[in-house]
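S.K.: First the structure, which I've put down as structure tokens, then a few questions once you've had a look.
The values are calculated or read from the model by the stated rules, or taken from the named source; none is laboratory data. Owing to the predicted nature of the structure, the values given are computational and were not obtained by experimental measurement. Using ideal geometry, Cβ is built from the backbone for each residue, glycine included, and neighbour counts are taken over all protein chains shown.
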Amino acid sequence: MDTPSTLPDEIEIFRPGRHIDDQGGVHEFSDADVDAMVAAYDPALREAPLTVGHPADNLPAYGWVSGLARNAAGRLVMNTHQVLPQFAEWVGKRMYKKRSASFYPPNAPNNPKPGSWYLRHVAFLGAQPPAIAGLADFADSAAGAVSFSEGDPAPSTQEHRTMTEEEKAAIARAEQAERDAAAARAETEQARAQLAQFAEQQRQARHAGHVSFAEAEVKAGRLLPKDQAAAVAVLDMLADTQPVEFAEAGATKKLAAVDWLKNLISGGKPVVQFGEFGGQPAPVTEGMTDADIDKRAKAYAAQHNVSYAEALGKVTTFTA
């Protein structure tokens with residue numbers, strides 16, 4: 001028969017009624033008290049661990065209580081998560097079928113939800129006789145906490161089972177494996193963060209280079225001012241694409257798309273030139289809109305009695 005690698009859902013750990021805690025104190029618990037335990041428990045505020053026996057400091061933890069509820073019989077049940085597989089197998093083999101629920105009393109100084117009983121931990125035990133009988137098969141003695149042991153009735157002559165050295169070593173290995181895995185995950189996340197930071201720095205550097213290139217081409221007259229922002233955006237986009245391959249002079253060449261576009265722009269003829277035209281300074285079009293250029297072309301056509309197309313060429317291109 002296969003043994004489970006996780007604990008089952010809704011493990012019974014407590015029920016309403018009159019109970020005597022592990023220090024001999026008598027307590028009465030109503031249905032409302034148990035409902036309050038369910039409502040008060042908040043793993044995000046303080047998560048109750050699963051322990052073996054009653055460690056004063058709640059360590060080591062072999063799993064955690066993810067939530068509390070009441071089952072159809074009105075008993076307090078727990079759901080668990082992050083349980084060590086080795087521990088779950090031992091529980092599945094009924095090596096630790098009895099439980100001891102430890103609570104913070106309503107007025108305990110360490111109670112995270114004052115006013116209600118709050119689950120502190122759930123201890124798994126061996127053959128210890130139960131203080132609360134009748135719970136389905138399957139307390140903490142720290143100051144301020146109250147514990148109630150439970151499980152199936154067992155002969156009072158049975159002794160509490162202790163872990164063997166082999167079992168302790170197996171749990172230690174499992175805990176070390178979890179710590180190693182956590183360290184590996186942290187190292188991976190750090191590497192990813194550094195890679196993302198480096199990629200962002202590279203992107204910003206490329207963008208700054210494209211801005212500088214576009215500004216230089218505008219000054220050289222090979223790029224209109226109105227196209228500067230679009231040119232930078234396209235260069236930024238092409239920088240993230242794969243190089244293109246093409247045949248030239250019988251050979252296959254590979255070229256980055258962004259470099260091809262930059263070569264195309266910088267190797268073209270100026271669309272705007274600055275200098276003397278007809279003995280007069282040529283119009284400066286840097287920073288002008290299309291409407292401004294259109295207006296200047298129409299004025300030139302009317303003044304010199306030439307076509308609009310010729311006028312447009314005259315106001316945007318200098319010819320000696």
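Residues are listed down the side, and each one gets a yes or a no for (1) in a helix (DSSP H, G or I); (2) small (Gly, Ala, Ser); (3) within 30 Å of Tyr96 (Cβ to Cβ):
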| residue | (1), (2), (3) |
| --- | --- |
| Ala172 | yes, yes, yes |
| Ala177 | yes, yes, yes |
| Ala183 | yes, yes, yes |
| Gln194 | yes, no, no |
| His210 | yes, no, no |
| Arg222 | no, no, no |
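S.K.: Let me ask something additional. Can you name the residue in the range 96-135 that is of a type in the set (Ser, Thr, Tyr) and within 24 Å of Asp31 (Cβ to Cβ) and is also modelled with the highest pLDDT among such residues?
M.R.: Tyr118
S.K.: Any chance the range 86-94 includes a residue that's at pLDDT below 90, over 23 Å from Ala32 (Cβ atoms), under 35 Å from the mean Cα position of the chain (by Cα) and surrounded by fewer than 12 Cβ atoms within 10 Å (Cβ to Cβ)?
M.R.: For the range 86-94, residues at pLDDT below 90, over 23 Å from Ala32 (Cβ atoms), under 35 Å from the mean Cα position of the chain (by Cα) and surrounded by fewer than 12 Cβ atoms within 10 Å (Cβ to Cβ): absent.
S.K.: Ok, one more. Right, Tyr62: at pLDDT below 85, of a type in the set (Ser, Thr, Tyr) and either closer than 22 Å to Glu166 by Cα or outside any strand (DSSP E or B) (or both) or not?
M.R.: Criteria not met by Tyr62.
Table: residues versus (1) assigned to a loop (DSSP other than H, G, I, E, B); (2) outside the structural domain of Phe29 (by TED's automatic domain parsing); (3) more than 22 Å from Pro16 (Cα to Cα).
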{"site": "Val83", "(1), (2), (3)": "yes, no, yes"}
{"site": "Ala88", "(1), (2), (3)": "no, no, yes"}
{"site": "Tyr96", "(1), (2), (3)": "yes, no, yes"}
{"site": "Arg99", "(1), (2), (3)": "no, no, no"}
{"site": "Pro106", "(1), (2), (3)": "yes, no, no"}
{"site": "Pro109", "(1), (2), (3)": "yes, no, yes"}
{"site": "Pro114", "(1), (2), (3)": "yes, no, no"}
{"site": "Arg120", "(1), (2), (3)": "no, no, no"}
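S.K.: If you don't mind, another one. Got at least one residue in the range 234-245 being assigned to a loop (DSSP other than H, G, I, E, B) and polar (S, T, N, Q)?
M.R.: Within the range 234-245, one or more residues are assigned to a loop (DSSP other than H, G, I, E, B) and polar (S, T, N, Q).
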